[in-house]
Every structure is written in structure tokens, then in C-alpha cells.
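Structure first, then comments.
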Protein chains: 2
Amino acid sequence: MNNSGEYNRDSDLSLKLLVVLTRALESIEKQIVKNIKSYKLNLTEFAVLEVLFHKGDMPIQKIGQKILLATSSITYVVDKLENKNYVKRVASPTDRRVIHATITKEGKALMAEIFPKHKDALTEIMGGVDVSEKEWLVEHLKRLGLHAKNL
Amino acid sequence: MNNSGEYNRDSDLSLKLLVVLTRALESIEKQIVKNIKSYKLNLTEFAVLEVLFHKGDMPIQKIGQKILLATSSITYVVDKLENKNYVKRVASPTDRRVIHATITKEGKALMAEIFPKHKDALTEIMGGVDVSEKEWLVEHLKRLGLHAKNL
DNA sequence: ATTAAATGTCTCGAATTCGAAATAAATGAG
DNA sequence: CTCATTTATTTCGAATTCGAGACATTTAAT
């Protein structure tokens, strides 16, 4: 292995894999955006609500780690969600630097309506591969991502 | 199949797959950005140069299709690359609405230096899975993406 | 040939994201 | 305890992206 032939094959496949990975995610995200647009939410707002809906209160910074966004961007998104009354800020009782974002009653009601639909829609969107292929994909994309992250 | 148990498994896997897909691409892109930053290029500028370097002249709009960006965004990126003398605009001889972007001598020289390094680096970055796994990933991500696109 | 519809590019304003700097609070070293 | 360092959030300015509208040109229909 790692002779010139193998090596070029690996390189070419890596280039190709980057392209298909990018295109697949692009297509999937476009479909999701289409589905949540009627609720006047963009992908980031939806992601924040989803995290709070399922995991409960969370400091601003931790939300950023969950959804892969800079802390300053979370400030911006939480501002928007607060204006829409889906989220409110609550000071941490134990650490006065920390602000927790909490989902409101309205936010919960919205997500209770949207999330099941989103889940069903996503299952449709991901219908190009079957259950066992998804398992394989999850496992190997996890490896791919972890290796890339820890370089 | 498609009894309630299977269905929920499929849904949960679909949600999970979206997360790992997003994280994997995020980690990979961050590594690429790190590698090309020393040449003062961002991912989009690099992508445009790469396309022109390998496919030759191309109308503004077609570049947008290749790298999945709105035409107005390509205008912006080509402006930047033109200011850096890596690209120039050439009117189409056959259709006076069309502008071709062409890579300059300087652009070619830059890419001749960067691209092989990028290719090697990407092969490293993608080292979390082996060649046959990459083949499988390419095939199935293509299916996944096409199905999502054509919904 | 004339008109209507479609296409390609650019401009503009709005939205989103980032990173650096500012501020406030907590932690650690001595 | 006190000072320096670290951590959490926000603010600010810059960069990037999109979509709608403007404009010029081409294509299609009659």
C-alpha cells in the first residue's frame, strides 16, 4: 500500500469525497430550510431551539459548542429568539458571569408542533439510503470527522 | 418493515446522521482553511481558482453552479480575485450577456504551488477512513444527496 | 420582423457569521 | 488577602452570502 498508484487513488477519492459531502449536506439543508421557513425560523434559530427543547437550559457558550457557532453569534441568535418570545435569558445563580438561555412556554409550544414534522420530513429527505446504510454512515463519518478534528 | 419500531429507528438515525455529517464537514473545512490561509485565500476564493485551474475558462453563472453559490456571490468573489490578479474577466465572443472568468498566469502559478499541497493535506485530513471506505462513502453520499435534492 | 419571455451579470440592502476588544466575575498562586 | 490569569458574555466592525431589482442581450412565438 501507499505505492504511487494507491496514493493517487486515495488523493482523488479524498477530493471526490469532499465534493459529495458538501453537496449532500447542501441539498439536505436546503430541504430543511424550506420546511421551517413557514415558521419564520432559519436553520440556526431552529438549531438553538432544538437544543434547548431537548436538553433544557444551557449557558450561551455551551450552545455555541453544540451547534458549532462562535459565542458572539449565539448572542445574536438568542437576541432574535428573545424578541420572538421563544427564549429568555436567566442569570446563573452560581456564577454571575454566566447567562442561561431558556425556552419559553411559547417556544415549547412551537417546537412541540414543529419538531415531529421536522423529524418525519428529515426521514423522508434522508430516504436515499436505508437504515443499515445510515448506521454505517454515522459510524464512518464520525471517524472521518474525529480524525480531521484532532490533526 | 416500516412498523413503528423500525420507523423511529430510521428517524433517530436520520437526526444523528445530520449531526455527524455537519460536524465532519465542519472539521474538514476548518483544516483546509488553516492550510490555505497562509496564501491569503478563503475557501470560496480557493474553490473558484480550483475550478478555473482544472476546467479552464467558465461563465460566472456556471462557476456558481459548480461551487454552489449564488451568481451575485460569484460576482463578489471574482471581483476579489481580479483585484489580486489571479483571475480576469473576458467577454464571451458568442453571447454578449456572458462573462468568462479566466485564471491568469499568476493564478496558475499560485495554484501550481498550492494545489498539490492541498491534495496531500486533504488526504491526511481524510485519513480517518481507508480507500475502500471512501469509495463506499462517495457512492452512498451521492445517493443521499441526489435523493434530497430531487424531493 | 416584432414582441414577449427567458437568460446572464451586476448592484444594492439585509442577514448572518466571525474575531478582537471591552467588561465583569471567578479562580489560582503566593 | 491580593494580584494575575482565566472564563463568560456582549459589542463592534468587517467579511461573506443571499435575493430582488435593474439592465442588456438572446431566444421563442407569432
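Peptide A:118-128 has a mean shielding of 6, counted as Cβ atoms of other protein chains within 10 Å of each residue's Cβ. Within region B:71-138, the trypsin sites (Lys or Arg not before Pro) that combine a DSSP coil assignment with at most 14 other C-beta atoms in a 10 angstrom radius are B:ARG96, B:ARG97. So, R0 is 45 Å and r is the distance between the beta-carbons of B:VAL98 and A:ASN83; what FRET efficiency does that work out to, to 0.05? Efficiency, rounded to the nearest 0.05: 0.55. For B:MET58, the residues whose modelled amide H falls within less than 5 Å of its own, excluding neighbours fewer than 5 places apart on the same chain, are B:ALA101. In terms of accessible area, using a 1.4 Å probe and ignoring ligands and nucleic acids, A:HIS118, A:HIS54, A:HIS147 rank largest first as A:HIS54, A:HIS147, A:HIS118.
With respect to chain B, whose longest principal axis is taken over its alpha-carbon atoms, helix B:4-36 is tilted by about 30°. Overall, chain B carries a charge dipole of about 640 debye about its Cα centre when +1 sits on the Cβ of Lys and Arg and -1 on the Cβ of Asp and Glu, all other atoms neutral. 3J(HN,Hα) along region A:81-92: 5, 5, 4, 8, 6, 9, 9, 9, 8, 9, 5, 5 Hz, from the Karplus curve 6.51 cos²θ - 1.76 cosθ + 1.60 with θ = phi - 60°, whole Hz, x for Gly and Pro.
Remark: mean inter-chain Cβ contacts per residue of B:24-35 equal 5, using a 10 Å Cβ-Cβ cutoff to other protein chain atoms. Rounded to whole numbers, the Karplus 3J(HN,Hα) couplings from phi for region B:134-151 are 4, 4, 5, 4, 4, 4, 7, 5, 4, 4, 4, x, 5, 4, 5, 5, 9, 7 Hz, using 6.51 cos²θ - 1.76 cosθ + 1.60 with θ = phi - 60°, and x at Gly and Pro.
Structure shown: which of B:LYS80/B:LYS149; A:LYS62/B:LYS66; A:LYS119/B:LYS34; A:LYS66/A:LYS149 lie over 26 Å apart, alpha-carbon to alpha-carbon? From B:LYS80/B:LYS149; A:LYS62/B:LYS66; A:LYS119/B:LYS34; A:LYS66/A:LYS149, over 26 Å: B:LYS80/B:LYS149; A:LYS62/B:LYS66; A:LYS119/B:LYS34.
With a simple spin-label model that places each label point 7 Å from the Cα along the Cα-to-Cβ direction, the separation between A:VAL19 and B:ALA70 comes to 2.6 nm. In Å², nearest 100, what accessible area do chains B and A bury in total when the solvent probe is 1.4 Å? Between B and A, the summed buried area is about 5800 Å². Compactness ratio for region B:4-149: Cα radius of gyration over 2.2 N^0.38 Å (N = residue count) comes to 1.27.
Listed values for region A:38-54 are Karplus-derived 3J(HN,Hα) couplings in whole Hz (6.51 cos²θ - 1.76 cosθ + 1.60, θ = phi - 60°), namely 5, 9, 6, 10, 9, 4, 5, 4, 4, 4, 5, 4, 4, 4, 5, 5, 9, and x replaces Gly and Pro. Fully extending the segment from B:ASN42 to B:GLN61, taken as 0.36 nm per residue of separation minus the present Cα-Cα distance, adds 4.9 nm.
Partner shielding of B:58-70 amounts to 1, given as the average count of beta-carbon atoms from other chains within 10 Å of each residue beta-carbon.
The values are calculated or read from the model by the stated rules, or taken from the named source; none is laboratory data. Note that the coordinates shown come from a computational prediction; the quantities given were computed from them, not determined experimentally. Neighbour counts run over all protein chains shown; Cβ positions are idealised from the backbone, glycine included. Just the protein is used for accessible areas: all its heavy atoms, side chains included, with ligands, DNA and RNA removed. Shrake-Rupley method; radii C 1.70, N 1.55, O 1.52, S 1.80 Å.
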